[in-house]
Amino acid sequence: MQRTVELQPENASQRLQDIIHRNRRSEGVGVYAVCSAHPSVIAAAVQQAIEDESFLHVESTSSQVNQEGGYTGQTPSQFAEFVHSAARHAGLPRERVLLGGDHLGPYPWREQPWQVAMGNACELVRACVLAGYNKIHLDASMACSDDRRSGPDESTIAQRAAILCRTAENTFEKLPPGASPPLYVIGTEVPAPGGESLPGDPPTITAADQIPHTLELFRSAFEEQKVASAWDRVIGMVVQPGVEFGESVILDYDRRKAMALSSALPKHPALVFEAHSTDYQRPAALAQLVQDHFAILKVGPWLTFAFREAVFALSAIERELLAHRMRVRLSQVREALEAAMLRNPTYWRSYYHGSEDEICLARIYSYSDRCRYYWGDAAVQQELAHLRANIDSFPPPLTLVSQHLPSQYEAIRSGRLRASAEDMIQEHIRTVLRVYAAACGR
């Protein structure tokens with residue numbers, strides 16, 4: 001009897017489309033997007049993709065990476081090279097890397113008039129396509145300085161998104177033959193990047209009857225901007241399934257409340273829902289999201305939250321091991337991180353509320369994980385390097401690892417993990433990535 005061999009799609013873009021079609025056939029498969037620019041997170045995600053024999057899906061937001069550098073200091077071409085270099089170094093082929101742009105639109109320039117902001121947004125989209133980004137989230141949902149306070153209406157959002165799409169399509173036409181055309185994600189009910197900034201009522205779940213109306217607005221806008229041919233490459237739609245997190249709260253997925261959304265997907269285009277802010281959801285909830293056609297799961301802050309947990313655990317090991325040794329300086333990661341956040345409160349001030357003690361605790365331990373903006377600070381980097389050097393120069397006994405990093409202890413004991421500082425950090429990040437991989441049926 002001849003055995004049928006299922007052929008894998010040739011590149012990551014095709015693999016993503018294959019997963020979407022399978023999900024629409026009610027197979028329990030999906031994909032998670034790593035929304036982070038942190039080197040340890042990217043390295044861990046590369047290793048997870050290799051272990052799962054899947055592809056690496058990494059996205060940068062318009063605030064993280066843009067033509068002006070963003071808060072990471074990287075342009076799209078620099079970010080693309082950074083991710084591809086990490087993949088290449090680990091042995092993951094280039095065709096198994098999918099780059100995406102998240103919240104590509106006026107967001108970083110929203111304090112300016114909409115025409116100025118949209119001009120900058122178009123330049124960002126152009127830079128992303130030239131850098132080889134295959135997946136573009138067209139997000140024009142935010143209000144600019146001359147929009148009304150409530151923000152642009154749905155029709156305006158769709159029109160502005162179509163303008164961004166036209167820029168992407170025109171740019172793609174100038175690329176060398178053989179490049180994969182951009183895939184698009186649309187929507188008007190887009191959660192705030194990075195989680196909720198203010199406490200309040202739970203988000204309202206998108207009404208199922210809103211789906212066809214929104215899709216028709218976007219389809220018409222695509223036609224008006226003469227990019228109707230791109231409509232078949234709209235693979236995802238951002239809606240609000242009631243999933244969110246904030247300073248100290250996680251709003252869990254309740255599939256009963258979101259059930260109507262699953263049946264609201266159209267036959268054409270064959271898209272799925274993209275779920276934002278899925279960080280910290282329970283494993284069962286993530287699996288349910290995928291089953292309910294929220295086939296693209298975005299995760300970011302949970303990964304840098306895990307990085308911080310691992311770093312602090314190694315700092316505790318370092319203190320136990322080296323505090324009484326002469327001529328050995330202990331690292332001061334926590335102190336350097338706190339100092340960097342106090343020097344520049346831009347990225348956390350509006351997110352944390354309460355007494356001084358409560359804010360002090362939230363700065364480091366909040367689900368919002370606003371400290372992720374400060375790991376690149378020069379002084380913090382210096383202390384992180386010193387921590388890694390101390391752990392690697394004075395290997396801790398496994399009893400100490402068991403106390404502070406029990407999962408890593410088990411991995412070391414089983415022989416699948418080296419007891420180096422960076423390997424232990426990445427293994428802790430991968431405990432989160434494995435939850436997403438399992439939910440996506442890998």
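Only residues that are open to solvent by 20 Å² or more (accessible area, probe 1.4 Å) and either β-branched (Val, Ile, Thr) or out of contact with any helix residue (DSSP H, G or I) (no Cβ under 7 Å at 6 or more places or on another chain) (or both) were counted across the range 36-67, and they come to 5. The residue that is modelled with the lowest pLDDT, counting only those in the range 128-161 that are open to solvent by 20 Å² or more (accessible area, probe 1.4 Å), in a loop (DSSP other than H, G, I, E, B) and hydroxyl-bearing (Ser, Thr, Tyr), is SER150. The set of residues in the range 431-442 being part of a helix (DSSP H, G or I) and open to solvent by less than 30 Å² (accessible area, probe 1.4 Å) consists of VAL432, LEU433, TYR436, ALA437, ALA439. I'd like to verify a number: residues in the range 200-228 that are small (Gly, Ala, Ser), outside any loop (DSSP other than H, G, I, E, B) and open to solvent by less than 50 Å² (accessible area, probe 1.4 Å), how many? Final tally of qualifying residues: 2.
For (1) out of contact with any strand residue (DSSP E or B) (no Cβ under 6 Å at 6 or more places or on another chain); (2) open to solvent by less than 10 Å² (accessible area, probe 1.4 Å); (3) of a type in the set (Phe, Trp, Tyr); (4) free of Cβ contacts under 8 Å to residues at least 12 places away in the same chain, each residue gets a yes or a no:
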| position | (1), (2), (3), (4) |
| --- | --- |
| PHE307 | yes, yes, yes, no |
| ALA316 | yes, no, no, no |
| ARG349 | yes, no, no, yes |
| SER393 | yes, no, no, yes |
| LEU400 | yes, no, no, no |
| ARG413 | yes, no, no, no |
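If only residues of the range 336-347 that are free of Cβ contacts under 8 Å to residues at least 40 places away in the same chain and part of a helix (DSSP H, G or I) are counted, the one that is surrounded by the most Cβ atoms within 10 Å (Cβ to Cβ) is MET341. On the stretch given as the range 318-335, residues that are of a type in the set (Lys, Arg) and open to solvent by less than 70 Å² (accessible area, probe 1.4 Å) total 0.
Listed conditions (1) modelled with pLDDT of 95 or more; (2) charged (D, E, K, R); (3) under 30 Å from VAL31 (Cβ atoms) are all met by GLU356, apart from (3).
Taking the criterion of being within 23 Å of ALA378 (Cβ to Cβ) and of a type outside the set (A, V, I, L, M, F, W, C), the residues of the range 341-360 that qualify are ARG343, ASN344, PRO345, THR346, TYR347, ARG349. Residues that are surrounded by fewer than 18 Cβ atoms within 10 Å (Cβ to Cβ) and more than 24 Å from the chain's Cα centre (by Cα) were ranked within the range 232-264; the one that is farthest from MET142 (Cα to Cα) is ARG256. Picking from residues in the range 265-288 that are among the polar types (S, T, N, Q) and over 12 Å from TYR436 (Cβ atoms), the one that is surrounded by the fewest Cβ atoms within 10 Å (Cβ to Cβ) is GLN288.
If you go through the range 351-366 and keep only what is among the hydroxyl-bearing types (Ser, Thr, Tyr) and open to solvent by less than 70 Å² (accessible area, probe 1.4 Å), you end up with TYR351, TYR352, SER355, SER366. Taking the criterion of being open to solvent by 40 Å² or more (accessible area, probe 1.4 Å), assigned to a helix (DSSP H, G or I) and not polar (S, T, N, Q), the residues of the range 68-89 that qualify are GLU81, PHE82, ARG88, HIS89.
The one condition from (1) in contact (Cβ under 8 Å) with a residue 40 or more places away in the chain; (2) part of a helix (DSSP H, G or I); (3) over 20 Å from THR278 (Cβ atoms); (4) among the polar types (S, T, N, Q) that GLN48 does not meet is (3).
Looking at the range 415-428, which of its residues are open to solvent by 40 Å² or more (accessible area, probe 1.4 Å), closer than 15 Å to ILE317 by Cα and of a type in the set (Gly, Ala, Ser)? Correct list: ALA419 only. For the range 258-303, a tally of residues being in a loop (DSSP other than H, G, I, E, B) and of a type outside the set (Lys, Arg) returns 19.
Based on what the data block shows, is GLU224 charged (D, E, K, R), touching a residue at least 40 places away in the same chain (Cβ under 8 Å) and closer than 30 Å to TYR347 by Cβ? So GLU224 fails the test.
Scanning the range 1-33 for residues that are open to solvent by less than 40 Å² (accessible area, probe 1.4 Å), at pLDDT 95 or above and not in a helix (DSSP H, G or I) gives ASN11, VAL29, GLY30, VAL31, TYR32, ALA33. Taking the numbered list (1) assigned to a helix (DSSP H, G or I); (2) under 26 Å from HIS137 (Cβ atoms); (3) in contact (Cβ under 8 Å) with a residue 40 or more places away in the chain in turn, LEU321 passes all entries but (2).
The values are calculated or read from the model by the stated rules, or taken from the named source; none is laboratory data. Please read all numbers here as calculations on a predicted model, not as lab measurements. Cβ sites come from the backbone with ideal geometry, for glycine too, and all protein chains shown count toward neighbours. These area figures cover heavy atoms from the full protein model, side chains too; ligands, DNA and RNA do not enter into them. Shrake-Rupley method; radii C 1.70, N 1.55, O 1.52, S 1.80 Å.
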